[in-house]
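In what follows, a single structure is set out as structure tokens and then discussed.
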Protein chains: 6
Amino acid sequence: MPSLITATPQEGRELAIKMARKSIAAIQTDPEVRKKLRNDYANDTAQLIASANVIAIEFQTIAKANNYWK
Amino acid sequence: MPSLITATPQEGRELAIKMARKSIAAIQTDPEVRKKLRNDYANDTAQLIASANVIAIEFQTIAKANNYWK
Amino acid sequence: MPSLITATPQEGRELAIKMARKSIAAIQTDPEVRKKLRNDYANDTAQLIASANVIAIEFQTIAKANNYWK
Amino acid sequence: MPSLITATPQEGRELAIKMARKSIAAIQTDPEVRKKLRNDYANDTAQLIASANVIAIEFQTIAKANNYWK
Amino acid sequence: MPSLITATPQEGRELAIKMARKSIAAIQTDPEVRKKLRNDYANDTAQLIASANVIAIEFQTIAKANNYWK
Amino acid sequence: MPSLITATPQEGRELAIKMARKSIAAIQTDPEVRKKLRNDYANDTAQLIASANVIAIEFQTIAKANNYWK
């Protein structure tokens with residue numbers, strides 16, 4: 001993550017998703033385990049919603065850093 | 001998502017809901033699976049409330065981007 | 001929701017509750033189902049607390065839009 | 001809730017707790033039911049922590065409204 | 001809690017933890033019960049993480065009140 | 001934690017993770033117990049997502065303290 005600045009809101013969303021994923025990778029450092037775990041949350045709506053909550057918070061930070069791309 | 005700017009607060013709410021949905025679609029990329037999962041959370045109040053939490057966070061960002069439509 | 005501006009903090013609270021409810025109605029669109037589900041969360045303290053969390057976030061946005069009614 | 005302005009941070013905390021309680025009372029309107037439910041969450045640490053989360057969010061709003069009592 | 005102002009970020013963290021604890025004490029007022037309950041969450045990672053969430057929110061407020069100790 | 005100021009966004013992420021971990025250590029003070037508990041959440045996607053939520057909130061504070069590294 002070299003910078004919070006992105007060209008567009010859409011790229012800001014992608015960065016938010018990437019940041020959320022990197023947080024999980026920082027705790028569960030084994031990529032093989034993460035790959036296996038992926039199925040657990042991709043089919044569990046409660047966890048999908050919780051993931052969306054994280055993305056929404058990360059995006060708040062990114063949007064502010066970019067002055068809302070105004 | 002071309003922009004965070006909307007004409008009205010109501011359109012801002014709709015964008016917040018759309019953003020929350022797109023987050024879930026970014027993690028569970030199979031539209032058929034998402035369709036099947038939909039029933040899981042639309043009838044589970046805990047998940048409906050968790051979804052409303054995500055929408056509230058996304059809306060904070062949108063409302064600020066629009067200077068609260070003042 | 002025509003506007004985030006309210007006359008008083010109390011009306012701001014009411015708007016926050018209304019916004020949280022509308023989010024749920026946007027996902028579970030059948031009013032009969034919502035009516036049935038209502039009992040699920042009105043008697044479950046964990047869900048009541050989760051609802052209060054959503055209201056608190058929505059109120060943050062409304063309070064800021066109203067410059068804290070100062 | 002006539003105002004978000006309080007004399008001290010401590011009174012701000014008390015208002016935050018009151019606001020969280022009023023949210024729950026707005027959803028579960030029967031005081032007898034609320035009284036019975038009280039035992040459910042006062043002895044369940046997960047729910048006590050979730051309640052503290054709501055209070056923390058409400059306090060953010062109150063603290064900002066009071067310019068952090070500076 | 002006489003003030004949100006602290007000398008250092010570290011003291012700000014300590015205040016955030018104290019505020020989270022006081023919220024719980026405001027709901028579960030019996031110190032003996034709280035002592036017994038303590039074991040429930042200190043050994044449950046989900047509840048430890050939920051506690052860290054509350055601390056993070058309280059710290060946001062404190063950090064802003066202190067202008068990030070700049 | 002001597003300061004919220006970091007040289008880069010990446011170092012800000014690392015500080016956010018460290019702050020989240022320190023919160024947990026403040027509640028569960030026994031390092032041996034924490035080590036044993038670590039396996040509980042590193043293999044539970046719901047808890048990994050909840051951890052990412054905490055990191056996102058801590059990072060909001062750090063990013064603002066650093067004026068988004070602009």
How long are the semi-axes of the equivalent ellipsoid of the protein assembly as shown, taking √(5λ) for every eigenvalue λ of the Cα gyration tensor, in whole Å from largest down? 27, 27, 25
Expressed as a whole number, the average count of other chain Cβ atoms within 10 Å around the Cβ atoms of E:30-42 is 3
Assigned charges on the beta-carbon of Lys, Arg, Asp, Glu; chain D dipole about Cα centre (debye): 140
What whole-number distance in Å separates the alpha-carbon centres of region B:13-70 and region A:1-54? 16
How far is D:Asp30 from itself in the other copies, in nm, if each label sits 7 Å out from Cα along the Cα-Cβ line, shortest first? 2.5, 2.5, 4.3, 4.3, 5.0
Just to be sure I understand: if you take the accessible area of chain C alone plus chain B alone and subtract the pair, with a 1.4 Å probe, what total do you get in Å², rounded to 100? 2300
If you take the square roots of the eigenvalues of the alpha-carbon gyration tensor of chain C and sort them as a ≥ b ≥ c, do you get rounded (a/c under 1.5), prolate (a/b over b/c) or oblate? prolate
Please sort C:30-37, A:49-56, D:63-70, D:2-9 by packing, taking for each peptide the average over its residues of neighbouring beta carbons within 10 angstrom, highest first. A:49-56, D:63-70, D:2-9, C:30-37
Using the heavy atoms of the protein chains and a 1.4 angstrom probe, tell me the accessible area per residue for the protein assembly as shown in square angstrom. 44
If each K or R counts +1 and each D or E counts -1, the residues other than B:Glu14 whose Cβ falls under 13 Å of its Cβ total +3
Where in chain D are the DSSP H helices whose alpha-carbon span along the long axis reaches 24 Å or more and whose Kyte-Doolittle mean is at least -1.0? D:9-27, D:45-65
Determine the residues within region A:5-27 where the difference in accessible area between the chain on its own and the full set of protein chains amounts to at least 10 Å²; count protein heavy atoms only and use a 1.4 Å probe. A:Ile5, A:Pro9, A:Gln10, A:Arg13, A:Ile17, A:Met19, A:Arg21, A:Ser23, A:Ile24, A:Ala26, A:Ile27
Pop a pseudo-label 7 angstrom from the Cα along the beta-carbon direction at both A:Arg38 and E:Val33 and give the gap in nm to one decimal. 4.6
I'd like the carbon and sulfur percentage of the solvent accessible area for the protein assembly as shown, probe radius 1.4 Å, heavy atoms only, ligands and nucleic acids excluded. 53
Relative contact order (percent) for region B:9-63, with alpha-carbon contacts under 8 angstrom and 6 or more residues of separation? 61
List the distances, in nm and shortest first, from the label point of A:Pro2 to the matching label points in every other copy, placing each point 7 Å from Cα along the Cα-to-Cβ direction. 2.9, 2.9, 5.1, 5.1, 5.8
Putting +1 on Lys and Arg Cβ atoms and -1 on Asp and Glu Cβ atoms, find which of B:Leu15, B:Leu48, B:Ala63 reaches farthest to the positive end of the dipole of region B:9-63. B:Leu15
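The values are calculated or read from the model by the stated rules, or taken from the named source; none is laboratory data. These numbers come from a predicted model, not from an experiment. Cβ coordinates were reconstructed from backbone atoms using ideal geometry, including for glycine residues, and neighbour counts include every protein chain displayed. When the accessible area is computed, the model is the full protein with side chains, heavy atoms only, and any ligands, DNA or RNA have been set aside. Shrake-Rupley method; radii C 1.70, N 1.55, O 1.52, S 1.80 Å.
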